[in-house]
Amino acid sequence: MLKPKTNALPTAPRWAVLAAHAVPLAVLPAGLWRLALGFGVPVVETSPYLNASPGTLSYMIALTVFSEVLAFLTLGLVRQWGEVFRGRRVNPRLATGAALAGAALLVAAVGWSAYAEYAGLGDGDGTVMTAAQQALFFGCYLPLAAWPVLLAAVAIAYHRRRTGRPGEGAPTPGRPAPEADAVPTPRPNALPTAPRWAVLAAHAVPLAVLPSGLWRLALVAGLPVTRDAGDATMGLGECVYVVSLSLVSELLAFLTLGLVRAWGEVFPRWMPFLGGRRVNPTAATATALAGVAGLCAIAGWGAYAAYAGLGPGIPASPAQDALLVACYAPLLAWPPLLAAVAVAYHRRRTGRGQYGAG
């Protein structure tokens, strides 16, 4: 007998129900911290927002309530009102597109905040915190890093359930099976059972990571990507570190392709000890999602470190700033793309084609 899922549709997978309910809980601590600051609770040493004026306090309350309302909308992806609202059918593509756009905007907001603070584009607001208060702040805001990842995963599950695509490569109930003589569109080296969107997303990850690596290599080569690039102040150790960081990042990005290719299901035979053995789908998925969490944590820590003035700025002209943003902005797509492909990989490998399975 299946355990009850409060107000959730029976066709929604259990992991999606749990993920959808986790989103409001992840957003709540940051909102409570803001309200505590506005009402004068000593969560900081000094700040212009401590004991805020009525106008500022109203803004902080509105921001907190609005954020929590947006978080609660995630529940619509696993509940009835996300399929039929006021007697009218909700367009699944429109709802999924809105959810994924929201996930992208959340990642972009974190990335831009980190860059703006790190580059010194803001003068700060004079907030001072002790070590304990900084730990509290970080503890309240870090769960927000899970919001875009959870939202993207639940949105993809919603779309596949609503559009009748329960399985990877299996015929959909109620639809005719594809004709035997139909010729599928070729997908280079990708498994035929992997959905097309997952193949495209997996191949997009290395492309998203590449520009930032090229920017770092240009910095090592002394190209004028910053104002002090021509000073040649980087030592040998720094150059090795920057080049290694670019290569390792691109290698990790390329591992995403394993989620849609044969070597992600069976280890290549040239690998010692593991060659020819079956890849554990749960371990592979957990590793990928841990990578997603790590990427979000790095972005969150970068935003906090930059906000707290823990890192130096980057001397650059407006054109160089624009180039830096253009090269690093695609990195924001890495976590949601990896999370989406990992979820599709796990469902395909574990044979969970029917979303109603408990």
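Just so it is clear, none of the values below were taken in a lab; they were calculated from the coordinates. In this text, all values refer to a predicted model and were calculated from it rather than measured experimentally. Cβ: placed from backbone, ideal geometry, glycine included. Neighbour counts: every protein chain shown.
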What full-extension length gain, to one decimal in nm, is calculated for residue 131 and residue 62 as 0.36 nm per residue of separation minus the Cα-Cα distance?
-> 22.0 nm
The rounded separation in angstrom of the Cα centers of the range 13-36 and the range 251-269 is 32
Tell me which residues come under 5 Å, amide H to amide H, from residue 266 once H is placed; ignore anything under 5 positions away on its chain.
-> 279
Using a basic spin-label model with each label point 7 Å from the Cα along Cα→Cβ, how many nm lie between residue 32 and residue 266?
-> 5.1
Compute the length gained on full extension between residue 11 and residue 301: take 0.36 nm times their separation in residues and subtract their Cα-Cα distance, giving the result in nm to one decimal.
-> 100.7 nm
Estimated inter-spin distance, residue 193 and residue 90, nm [label 7 Å along Cα→Cβ] = 3.1
What ranking do 237-249, 12-24 get when scored by the average of other Cβ atoms within 10 Å per residue, highest first?
-> 12-24, 237-249
Mind checking the full-extension length gain between residue 254 and residue 105? Use 0.36 nm per residue of separation minus the Cα-Cα distance, one decimal, nm.
-> 51.2 nm
Nearest-0.05 FRET efficiency for residue 214 and residue 236 at R0 = 22 Å, using Cβ-Cβ distance, is 0.60
Burial ranking of peptide ranges 193-204, 134-145 (average Cβ count within 10 Å, highest at the top) = 193-204, 134-145
